[in-house]
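Take a look at the structure set out below.
The values are calculated or read from the model by the stated rules, or taken from the named source; none is laboratory data. Quick caveat, the model's predicted, so the values are computed rather than measured. Cβ: placed from backbone, ideal geometry, glycine included. Neighbour counts: every protein chain shown.
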Ligand code: IFM
(Lines give C-alpha, C1' and ligand atoms only; values in the text may rest on other atoms or scores of the structure.)
Protein backbone atom coordinates (compact mmCIF):
# COMPACT_ATOMS: atom_id res chain seq x y z
CA UNK A 1 0.00 0.00 0.00
CA UNK A 2 1.36 3.42 -0.90
CA UNK A 3 1.28 5.92 1.92
CA UNK A 4 1.25 8.86 -0.50
CA UNK A 5 -2.39 9.68 -1.25
CA UNK A 6 -3.88 11.51 -4.24
CA UNK A 7 -4.07 14.90 -2.62
CA UNK A 8 -0.36 14.58 -1.88
CA UNK A 9 -0.58 14.44 1.87
CA UNK A 10 1.66 11.80 3.43
CA UNK A 11 -0.22 9.30 5.54
CA UNK A 12 1.19 7.14 8.32
CA UNK A 13 0.06 3.57 8.94
CA UNK A 14 -2.94 2.92 11.17
CA UNK A 15 -1.93 2.38 14.76
CA UNK A 16 1.28 4.37 14.35
CA UNK A 17 2.67 5.48 17.71
CA UNK A 18 3.34 9.19 18.15
CA UNK A 19 5.09 10.35 21.24
CA UNK A 20 7.51 12.47 23.15
CA UNK A 21 10.69 11.34 24.83
CA UNK A 22 12.21 12.51 28.13
CA UNK A 23 14.69 11.44 30.81
CA UNK A 24 14.49 11.76 34.58
CA UNK A 25 17.55 13.84 35.45
CA UNK A 26 16.94 16.27 32.61
CA UNK A 27 13.44 17.28 33.71
CA UNK A 28 12.52 16.06 37.19
CA UNK A 29 14.28 18.35 39.62
CA UNK A 30 13.69 15.56 42.11
CA UNK A 31 14.08 16.95 45.66
CA UNK A 32 15.87 13.90 47.07
CA UNK A 33 18.36 13.99 44.19
CA UNK A 34 19.25 17.66 44.54
CA UNK A 35 19.31 17.83 48.34
CA UNK A 36 21.33 14.63 48.83
CA UNK A 37 23.27 14.58 45.52
CA UNK A 38 22.33 10.98 44.87
CA UNK A 39 23.73 10.65 41.35
CA UNK A 40 27.13 11.11 39.76
CA UNK A 41 25.55 13.72 37.49
CA UNK A 42 24.25 15.74 40.40
CA UNK A 43 27.78 15.92 41.79
CA UNK A 44 29.22 16.69 38.37
CA UNK A 45 26.81 19.55 37.72
CA UNK A 46 27.51 21.00 41.16
CA UNK A 47 31.17 21.51 40.20
CA UNK A 48 31.64 24.99 38.86
CA UNK A 49 33.61 24.18 35.71
CA UNK A 50 31.59 21.34 34.22
CA UNK A 51 28.43 22.88 32.77
CA UNK A 52 28.91 25.39 29.94
CA UNK A 53 26.33 27.93 31.07
CA UNK A 54 26.97 27.37 34.78
CA UNK A 55 23.49 25.93 35.29
CA UNK A 56 22.50 22.67 36.95
CA UNK A 57 19.51 20.33 37.01
CA UNK A 58 18.48 20.91 40.62
CA UNK A 59 15.10 22.28 39.56
CA UNK A 60 15.15 21.60 35.82
CA UNK A 61 11.46 21.56 34.76
CA UNK A 62 10.14 20.54 38.20
CA UNK A 63 8.47 17.68 36.41
CA UNK A 64 8.51 15.79 39.71
CA UNK A 65 5.70 18.07 40.92
CA UNK A 66 4.32 19.35 37.67
CA UNK A 67 3.82 16.09 35.79
CA UNK A 68 0.00 16.23 35.96
CA UNK A 69 0.12 19.54 34.09
CA UNK A 70 2.73 18.19 31.67
CA UNK A 71 0.63 15.12 30.91
CA UNK A 72 -2.21 17.51 30.15
CA UNK A 73 0.11 19.12 27.59
CA UNK A 74 0.69 15.64 26.13
CA UNK A 75 -3.06 15.24 25.75
CA UNK A 76 -3.21 18.56 23.88
CA UNK A 77 -0.38 17.31 21.66
CA UNK A 78 -2.48 14.21 20.88
CA UNK A 79 0.49 11.92 21.57
CA UNK A 80 -0.32 8.29 22.28
CA UNK A 81 2.97 7.26 23.86
CA UNK A 82 5.44 8.70 26.32
CA UNK A 83 9.06 7.83 27.05
CA UNK A 84 10.57 8.45 30.46
CA UNK A 85 13.49 7.10 32.43
CA UNK A 86 13.54 5.85 35.99
CA UNK A 87 15.89 7.68 38.30
CA UNK A 88 18.08 4.75 39.38
CA UNK A 89 20.07 6.87 41.90
CA UNK A 90 16.87 7.90 43.68
CA UNK A 91 15.36 4.42 43.57
CA UNK A 92 18.53 2.95 45.00
CA UNK A 93 20.13 5.74 47.02
CA UNK A 94 22.47 3.57 49.10
CA UNK A 95 23.77 0.05 49.39
CA UNK A 96 21.84 -2.07 51.84
CA UNK A 97 22.40 -5.61 53.03
CA UNK A 98 19.05 -6.73 51.66
CA UNK A 99 18.37 -5.24 48.22
CA UNK A 100 15.46 -2.78 48.38
CA UNK A 101 14.15 0.11 46.32
CA UNK A 102 13.28 3.41 47.94
CA UNK A 103 9.52 3.22 48.65
CA UNK A 104 8.81 6.90 48.11
CA UNK A 105 10.56 6.97 44.75
CA UNK A 106 8.76 3.80 43.72
CA UNK A 107 5.40 5.27 44.73
CA UNK A 108 6.16 8.33 42.61
CA UNK A 109 6.89 6.23 39.51
CA UNK A 110 3.78 4.12 40.10
CA UNK A 111 1.64 7.25 40.23
CA UNK A 112 3.35 8.79 37.24
CA UNK A 113 3.08 5.66 35.09
CA UNK A 114 -0.51 5.06 36.18
CA UNK A 115 -1.41 8.64 35.17
CA UNK A 116 0.16 8.12 31.76
CA UNK A 117 -1.71 4.85 31.26
CA UNK A 118 -4.99 6.44 32.42
CA UNK A 119 -4.58 8.90 29.60
CA UNK A 120 -4.43 6.01 27.17
CA UNK A 121 -0.76 6.38 26.31
CA UNK A 122 1.74 3.57 25.84
CA UNK A 123 4.90 3.80 27.91
CA UNK A 124 8.57 3.42 27.03
CA UNK A 125 10.71 3.18 30.16
CA UNK A 126 14.50 3.50 30.22
CA UNK A 127 16.50 2.04 33.11
CA UNK A 128 19.88 3.74 32.60
CA UNK A 129 19.85 7.15 31.00
CA UNK A 130 23.41 8.25 31.87
CA UNK A 131 23.01 8.65 35.66
CA UNK A 132 24.65 6.28 38.13
CA UNK A 133 23.88 6.07 41.84
CA UNK A 134 26.70 8.10 43.32
CA UNK A 135 27.69 5.39 45.75
CA UNK A 136 28.34 3.10 42.78
CA UNK A 137 30.24 5.74 40.87
CA UNK A 138 32.49 6.20 43.91
CA UNK A 139 33.56 2.58 43.75
CA UNK A 140 34.38 2.67 40.03
CA UNK A 141 30.97 2.76 38.32
CA UNK A 142 30.68 0.37 35.39
CA UNK A 143 34.31 -0.62 35.85
CA UNK A 144 33.41 -2.35 39.10
CA UNK A 145 31.39 -5.59 38.64
CA UNK A 146 29.23 -4.53 41.58
CA UNK A 147 27.51 -1.99 39.31
CA UNK A 148 26.44 -4.69 36.86
CA UNK A 149 25.12 -6.85 39.70
CA UNK A 150 23.21 -3.92 41.16
CA UNK A 151 21.80 -3.07 37.73
CA UNK A 152 20.38 -6.57 37.34
CA UNK A 153 18.79 -6.42 40.81
CA UNK A 154 17.35 -2.99 40.06
CA UNK A 155 15.98 -4.21 36.72
CA UNK A 156 14.36 -7.20 38.38
CA UNK A 157 12.84 -5.11 41.17
CA UNK A 158 11.37 -2.43 38.90
CA UNK A 159 10.04 -5.08 36.51
CA UNK A 160 8.21 -6.74 39.43
CA UNK A 161 6.86 -3.46 40.77
CA UNK A 162 6.16 -1.52 37.58
CA UNK A 163 5.74 -4.27 34.98
CA UNK A 164 1.98 -3.77 34.47
CA UNK A 165 2.51 -0.09 33.58
CA UNK A 166 5.29 -0.58 31.03
CA UNK A 167 4.79 -1.40 27.35
CA UNK A 168 8.38 -1.11 26.17
CA UNK A 169 11.49 -1.50 28.32
CA UNK A 170 14.77 0.11 27.34
CA UNK A 171 17.70 -1.13 29.41
CA UNK A 172 20.32 1.45 28.37
CA UNK A 173 20.19 4.74 26.57
CA UNK A 174 22.88 5.40 23.93
CA UNK A 175 25.72 3.30 25.41
CA UNK A 176 28.33 4.56 22.96
CA UNK A 177 27.49 8.20 23.58
CA UNK A 178 27.91 7.51 27.28
CA UNK A 179 31.28 5.84 26.77
CA UNK A 180 32.55 8.47 24.38
CA UNK A 181 31.61 11.42 26.57
CA UNK A 182 32.65 9.88 29.88
CA UNK A 183 35.84 8.03 28.93
CA UNK A 184 37.21 9.68 25.77
CA UNK A 185 35.99 13.25 25.69
CA UNK A 186 35.86 13.54 29.44
CA UNK A 187 33.14 16.19 29.59
CA UNK A 188 30.68 13.85 31.36
CA UNK A 189 31.22 11.78 34.46
CA UNK A 190 33.33 9.85 35.22
CA UNK A 191 35.40 12.38 33.30
CA UNK A 192 38.23 10.31 31.80
CA UNK A 193 40.07 11.66 28.81
CA UNK A 194 41.08 9.15 26.13
CA UNK A 195 41.13 6.25 28.53
CA UNK A 196 40.65 3.48 25.96
CA UNK A 197 41.16 0.63 28.36
CA UNK A 198 38.38 1.80 30.66
CA UNK A 199 36.23 2.72 27.67
CA UNK A 200 36.46 -0.79 26.22
CA UNK A 201 35.85 -2.33 29.63
CA UNK A 202 32.76 -0.15 30.02
CA UNK A 203 31.42 -1.24 26.65
CA UNK A 204 31.71 -4.84 27.79
CA UNK A 205 30.15 -4.05 31.18
CA UNK A 206 27.22 -2.33 29.45
CA UNK A 207 26.68 -5.31 27.14
CA UNK A 208 26.68 -7.61 30.17
CA UNK A 209 24.30 -5.28 32.00
CA UNK A 210 21.92 -5.19 29.04
CA UNK A 211 22.01 -8.95 28.68
CA UNK A 212 21.29 -9.54 32.38
CA UNK A 213 18.51 -6.93 32.47
CA UNK A 214 16.89 -8.36 29.35
CA UNK A 215 16.76 -11.78 30.95
CA UNK A 216 15.52 -10.72 34.38
CA UNK A 217 12.79 -8.50 32.92
CA UNK A 218 11.62 -11.43 30.82
CA UNK A 219 11.70 -13.76 33.79
CA UNK A 220 9.45 -11.39 35.76
CA UNK A 221 7.27 -10.29 32.81
CA UNK A 222 7.41 -13.04 30.17
CA UNK A 223 5.49 -10.97 27.61
CA UNK A 224 7.68 -7.88 28.03
CA UNK A 225 9.12 -6.07 25.05
CA UNK A 226 12.73 -5.23 25.85
CA UNK A 227 15.52 -3.49 23.96
CA UNK A 228 18.15 -0.78 24.43
CA UNK A 229 18.51 2.55 22.62
CA UNK A 230 21.02 3.04 19.81
CA UNK A 231 22.15 6.56 18.97
CA UNK A 232 22.93 6.36 15.27
CA UNK A 233 25.12 8.98 13.63
CA UNK A 234 26.18 8.87 9.98
CA UNK A 235 29.83 9.78 9.47
CA UNK A 236 31.19 11.37 6.32
CA UNK A 237 34.81 11.91 5.40
CA UNK A 238 35.73 15.56 4.96
CA UNK A 239 37.32 14.66 1.67
CA UNK A 240 35.92 11.55 -0.08
CA UNK A 241 39.16 11.16 -2.07
CA UNK A 242 41.45 11.24 0.95
CA UNK A 243 42.09 7.64 2.11
CA UNK A 244 43.06 8.85 5.59
CA UNK A 245 39.72 10.62 6.06
CA UNK A 246 38.07 7.43 4.82
CA UNK A 247 39.90 5.37 7.45
CA UNK A 248 38.69 7.68 10.20
CA UNK A 249 35.15 7.44 8.83
CA UNK A 250 35.34 3.65 8.66
CA UNK A 251 36.46 3.21 12.27
CA UNK A 252 34.10 5.79 13.68
CA UNK A 253 31.17 4.12 11.94
CA UNK A 254 32.25 0.66 13.04
CA UNK A 255 32.81 1.61 16.66
CA UNK A 256 30.14 4.22 17.34
CA UNK A 257 27.33 2.74 15.28
CA UNK A 258 27.94 -0.98 14.80
CA UNK A 259 29.91 -2.28 17.77
CA UNK A 260 27.01 -2.61 20.17
CA UNK A 261 24.22 -3.82 17.84
CA UNK A 262 26.56 -6.33 16.21
CA UNK A 263 27.56 -7.72 19.60
CA UNK A 264 23.90 -8.00 20.62
CA UNK A 265 23.12 -9.82 17.39
CA UNK A 266 26.00 -12.27 17.53
CA UNK A 267 26.53 -12.49 21.29
CA UNK A 268 30.22 -11.68 20.78
CA UNK A 269 32.03 -8.41 21.38
CA UNK A 270 34.44 -7.92 18.50
CA UNK A 271 36.52 -4.84 17.84
CA UNK A 272 37.29 -3.89 14.23
CA UNK A 273 41.01 -3.60 15.16
CA UNK A 274 43.43 -5.58 17.35
CA UNK A 275 43.04 -4.47 20.95
CA UNK A 276 46.10 -6.21 22.38
CA UNK A 277 46.79 -9.64 23.74
CA UNK A 278 47.81 -9.01 27.34
CA UNK A 279 45.40 -9.36 30.22
CA UNK A 280 43.25 -7.48 31.18
CA UNK A 281 42.73 -6.18 27.62
CA UNK A 282 42.47 -9.68 26.14
CA UNK A 283 39.45 -10.49 28.29
CA UNK A 284 37.41 -7.54 27.00
CA UNK A 285 36.60 -9.02 23.59
CA UNK A 286 34.79 -12.31 23.09
CA UNK A 287 31.45 -13.93 23.92
CA UNK A 288 29.16 -12.20 26.39
CA UNK A 289 27.01 -14.45 28.52
CA UNK A 290 23.41 -14.71 27.29
CA UNK A 291 23.71 -11.66 25.03
CA UNK A 292 22.87 -13.11 21.62
CA UNK A 293 19.57 -11.84 20.22
CA UNK A 294 18.55 -9.88 23.33
CA UNK A 295 16.34 -7.32 21.62
CA UNK A 296 12.62 -7.58 20.94
CA UNK A 297 12.49 -4.40 18.84
CA UNK A 298 14.86 -1.72 17.53
CA UNK A 299 14.98 1.64 19.31
CA UNK A 300 16.84 4.30 17.37
CA UNK A 301 17.79 7.87 18.23
CA UNK A 302 18.71 10.02 15.26
CA UNK A 303 19.70 13.70 15.26
CA UNK A 304 22.48 14.70 12.88
CA UNK A 305 25.60 13.57 11.02
CA UNK A 306 29.27 14.19 11.60
CA UNK A 307 32.01 15.01 9.13
CA UNK A 308 35.31 13.47 10.10
CA UNK A 309 38.83 14.24 9.16
CA UNK A 310 42.26 12.73 9.70
CA UNK A 311 44.58 15.01 11.61
CA UNK A 312 48.27 14.34 12.16
CA UNK A 313 47.92 15.79 15.63
CA UNK A 314 45.18 13.28 16.34
CA UNK A 315 45.63 9.87 14.69
CA UNK A 316 42.56 8.04 13.40
CA UNK A 317 40.81 8.09 16.67
CA UNK A 318 38.26 5.27 16.87
CA UNK A 319 35.95 7.50 18.84
CA UNK A 320 37.24 10.59 17.25
CA UNK A 321 37.37 14.28 17.08
CA UNK A 322 34.97 15.76 14.57
CA UNK A 323 36.26 17.97 11.78
CA UNK A 324 34.22 21.05 12.64
CA UNK A 325 33.23 21.29 8.97
CA UNK A 326 29.53 21.97 8.34
CA UNK A 327 28.00 21.64 4.88
CA UNK A 328 24.32 21.82 5.65
CA UNK A 329 22.11 24.24 7.54
CA UNK A 330 22.84 23.94 11.24
CA UNK A 331 20.57 24.10 14.26
CA UNK A 332 21.64 24.90 17.83
CA UNK A 333 24.76 23.13 19.16
CA UNK A 334 26.08 23.35 15.58
CA UNK A 335 24.22 20.21 14.53
CA UNK A 336 23.68 19.85 10.80
CA UNK A 337 20.09 19.20 9.73
CA UNK A 338 20.36 16.05 7.65
CA UNK A 339 16.93 14.44 7.29
CA UNK A 340 18.02 12.14 4.45
CA UNK A 341 20.31 10.51 6.98
CA UNK A 342 17.25 9.13 8.75
CA UNK A 343 16.04 7.57 5.50
CA UNK A 344 19.43 5.96 4.81
CA UNK A 345 19.69 4.82 8.39
CA UNK A 346 16.40 2.97 8.09
CA UNK A 347 16.75 1.51 4.62
CA UNK A 348 20.49 0.83 4.52
CA UNK A 349 22.52 1.30 7.69
CA UNK A 350 20.42 -0.79 10.05
CA UNK A 351 19.64 -3.42 7.44
CA UNK A 352 21.82 -6.01 9.25
CA UNK A 353 19.71 -5.61 12.40
CA UNK A 354 16.19 -5.34 11.00
CA UNK A 355 15.39 -9.04 11.31
CA UNK A 356 15.57 -11.37 14.27
CA UNK A 357 17.57 -14.61 14.00
CA UNK A 358 14.27 -16.32 13.16
CA UNK A 359 13.82 -13.99 10.17
CA UNK A 360 10.99 -11.94 11.69
CA UNK A 361 11.08 -8.21 10.93
CA UNK A 362 11.72 -6.34 14.14
CA UNK A 363 9.44 -3.45 15.04
CA UNK A 364 11.38 -0.19 14.85
CA UNK A 365 10.78 2.92 16.91
CA UNK A 366 12.48 6.26 16.55
CA UNK A 367 12.84 6.85 20.26
CA UNK A 368 14.44 10.31 19.89
CA UNK A 369 14.71 12.91 17.17
CA UNK A 370 14.78 16.67 17.56
CA UNK A 371 16.85 19.83 17.52
CA UNK A 372 17.83 22.58 19.90
CA UNK A 373 17.78 26.29 19.61
CA UNK A 374 19.72 28.23 22.19
CA UNK A 375 18.34 30.78 24.64
CA UNK A 376 19.69 31.85 27.99
CA UNK A 377 18.20 30.02 30.96
CA UNK A 378 17.20 33.21 32.80
CA UNK A 379 14.64 34.31 30.20
CA UNK A 380 11.11 34.53 31.46
CA UNK A 381 8.12 36.25 29.81
CA UNK A 382 8.11 37.56 26.28
CA UNK A 383 7.81 36.11 22.84
CA UNK A 384 11.30 34.64 22.57
CA UNK A 385 11.70 31.27 20.89
CA UNK A 386 8.03 30.58 20.20
CA UNK A 387 8.11 31.00 16.42
CA UNK A 388 10.38 28.02 15.95
CA UNK A 389 10.23 27.69 12.18
CA UNK A 390 13.52 25.83 12.01
CA UNK A 391 12.15 23.12 14.33
CA UNK A 392 9.05 22.82 12.15
CA UNK A 393 11.26 22.36 9.12
CA UNK A 394 13.39 19.81 11.00
CA UNK A 395 10.35 17.89 12.23
CA UNK A 396 8.56 17.73 8.90
CA UNK A 397 11.72 16.90 6.94
CA UNK A 398 12.48 13.98 9.27
CA UNK A 399 8.90 12.73 9.18
CA UNK A 400 8.97 12.81 5.38
CA UNK A 401 12.18 10.75 5.46
CA UNK A 402 10.54 8.33 7.87
CA UNK A 403 7.44 8.02 5.71
CA UNK A 404 9.62 7.30 2.67
CA UNK A 405 11.35 4.50 4.56
CA UNK A 406 7.98 3.06 5.61
CA UNK A 407 6.82 3.22 2.00
CA UNK A 408 9.97 1.29 1.07
CA UNK A 409 8.97 -1.48 3.45
CA UNK A 410 10.83 -0.61 6.66
CA UNK A 411 8.85 -1.72 9.68
CA UNK A 412 8.70 1.57 11.62
CA UNK A 413 5.95 1.53 14.22
CA UNK A 414 6.40 4.81 16.01
CA UNK A 415 8.14 8.16 16.37
CA UNK A 416 8.92 9.94 19.64
CA UNK A 417 10.12 13.53 19.48
CA UNK A 418 12.89 14.76 21.75
CA UNK A 419 11.58 16.45 23.70
CA UNK A 420 8.30 17.45 25.29
CA UNK A 421 9.91 20.25 27.33
CA UNK A 422 13.07 22.32 27.25
CA UNK A 423 15.39 20.55 29.64
CA UNK A 424 18.88 20.14 31.07
CA UNK A 425 21.17 19.22 28.18
CA UNK A 426 23.97 17.64 30.22
CA UNK A 427 27.29 19.52 29.93
CA UNK A 428 25.61 22.12 27.70
CA UNK A 429 23.28 23.09 30.54
CA UNK A 430 19.87 24.70 30.25
CA UNK A 431 20.53 26.96 27.24
CA UNK A 432 19.91 24.41 24.47
CA UNK A 433 16.15 24.23 24.08
CA UNK A 434 14.88 20.94 22.69
CA UNK A 435 11.24 21.33 23.73
CA UNK A 436 8.09 21.43 21.70
CA UNK A 437 7.01 23.28 24.81
CA UNK A 438 9.04 26.27 25.98
CA UNK A 439 9.94 26.29 29.65
CA UNK A 440 10.75 29.61 31.32
CA UNK A 441 12.95 28.33 34.12
CA UNK A 442 12.53 31.23 36.58
CA UNK A 443 8.70 31.00 36.55
CA UNK A 444 8.38 27.42 35.29
CA UNK A 445 5.75 28.64 32.85
CA UNK A 446 5.09 26.31 29.91
CA UNK A 447 4.10 27.66 26.48
CA UNK A 448 3.46 25.68 23.30
CA UNK A 449 5.85 26.57 20.53
CA UNK A 450 4.51 26.79 16.98
CA UNK A 451 6.08 23.36 16.33
CA UNK A 452 3.95 21.83 19.10
CA UNK A 453 0.76 22.88 17.31
CA UNK A 454 2.07 21.52 14.02
CA UNK A 455 3.01 18.22 15.67
CA UNK A 456 -0.44 18.00 17.30
CA UNK A 457 -2.10 18.49 13.87
CA UNK A 458 0.09 15.87 12.23
CA UNK A 459 -0.79 13.38 14.95
CA UNK A 460 -4.51 14.21 14.87
CA UNK A 461 -4.66 13.47 11.14
CA UNK A 462 -1.98 10.74 11.20
CA UNK A 463 -0.62 12.53 8.16
CA UNK A 464 1.46 15.43 6.90
CA UNK A 465 -0.79 17.82 5.02
CA UNK A 466 0.22 19.32 1.65
CA UNK A 467 0.60 22.81 3.12
CA UNK A 468 3.30 21.52 5.42
CA UNK A 469 5.01 19.63 2.65
CA UNK A 470 5.30 22.89 0.77
CA UNK A 471 7.66 24.06 3.53
CA UNK A 472 10.18 21.52 2.39
CA UNK A 473 10.89 23.50 -0.76
CA UNK A 474 12.39 26.40 1.15
O1 LIG B 1 19.39 15.21 25.66
C2 LIG B 1 19.92 14.11 25.01
C3 LIG B 1 19.37 12.82 25.57
O4 LIG B 1 19.60 12.72 26.94
C5 LIG B 1 19.99 11.64 24.89
N6 LIG B 1 19.91 11.74 23.45
C7 LIG B 1 20.31 12.99 22.84
C8 LIG B 1 19.60 14.14 23.52
C9 LIG B 1 20.02 15.46 22.87
O10 LIG B 1 21.39 15.62 22.96
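Taken together, the residues in segment 96-110 that are exposed (fewer than 13 other Cβ atoms within 10 Å of the Cβ) and touching a helix residue (DSSP H, G or I) at 6+ places or on another chain (Cβ under 6 Å) amount to 0. When 439, 396 are checked against the criterion of being within 16 Å of the ligand (Cβ to nearest atom), modelled with pLDDT of 95 or more, within 23 Å of the chain's Cα centre (by Cα) and closer than 23 Å to residue 76 by Cα, a single residue qualifies: 439. When residue 379 is tested against the conditions (1) surrounded by 15 or more Cβ atoms within 10 Å (Cβ to Cβ); (2) closer than 26 Å to residue 415 by Cβ, the lone failure is (2).
On the basis of being assigned to a helix (DSSP H, G or I), surrounded by 20 or more Cβ atoms within 10 Å (Cβ to Cβ) and modelled with pLDDT of 95 or more, does residue 44 make the cut?
Judged against the criteria, residue 44 is a match.
This table checks each residue for (1) part of a loop (DSSP other than H, G, I, E, B); (2) within 16 Å of the ligand (Cβ to nearest atom); (3) more than 19 Å from residue 130 (Cα to Cα); (4) more than 18 Å from the chain's Cα centre (by Cα).
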{"site": "26", "(1), (2), (3), (4)": "no, yes, no, no"}
{"site": "55", "(1), (2), (3), (4)": "yes, yes, no, yes"}
{"site": "61", "(1), (2), (3), (4)": "yes, yes, no, yes"}
{"site": "96", "(1), (2), (3), (4)": "yes, no, yes, yes"}
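Taken over segment 299-340, residues that are away from the ligand (no atom under 15 Å from the Cβ), assigned to a strand (DSSP E or B) and either at pLDDT 80 or above or in contact with a helix residue (DSSP H, G or I) (Cβ under 8 Å, 6 or more places away or on another chain) (or both) amount to 3. When the test is whether a residue is part of a helix (DSSP H, G or I) and under 19 Å from residue 155 (Cα atoms), residue 199 does not pass it. Screening 372, 403 for residues that are closer than 27 Å to residue 185 by Cβ, in contact (Cβ under 8 Å) with a residue 12 or more places away in the chain and in contact with a strand residue (DSSP E or B) (Cβ under 6 Å, 6 or more places away or on another chain) leaves exactly one candidate, 372. No other residue among 88, 18 is at pLDDT 95 or above, surrounded by fewer than 24 Cβ atoms within 10 Å (Cβ to Cβ), closer than 30 Å to residue 363 by Cβ and in contact with a helix residue (DSSP H, G or I) (Cβ under 7 Å, 6 or more places away or on another chain) apart from 18.
Residue-level check: of (1) part of a helix (DSSP H, G or I); (2) at pLDDT 95 or above; (3) more than 16 Å from the ligand (Cβ to nearest atom), residue 123 misses just (1).
Residues in segment 202-211: is at least one in a helix (DSSP H, G or I), touching a residue at least 12 places away in the same chain (Cβ under 8 Å), within 16 Å of the ligand (Cβ to nearest atom) and closer than 24 Å to residue 258 by Cα? The answer is yes, given that some residue of segment 202-211 is in a helix (DSSP H, G or I), touching a residue at least 12 places away in the same chain (Cβ under 8 Å), within 16 Å of the ligand (Cβ to nearest atom) and closer than 24 Å to residue 258 by Cα.
The sole residue among 195, 185 that is in contact with a helix residue (DSSP H, G or I) (Cβ under 6 Å, 6 or more places away or on another chain) and modelled with pLDDT under 95 is 195. Does residue 34 meet the test of being crowded, with 16+ Cβ neighbours inside 10 Å, touching a helix residue (DSSP H, G or I) at 6+ places or on another chain (Cβ under 8 Å) and within 30 Å of residue 464 (Cβ to Cβ)? Taking the combined requirement at face value, the residue does not satisfy it.
Every condition in (1) within 16 Å of the ligand (Cβ to nearest atom); (2) within 21 Å of residue 76 (Cβ to Cβ); (3) under 19 Å from the mean Cα position of the chain (by Cα) is met by residue 414 except one, and the failing one is (1).
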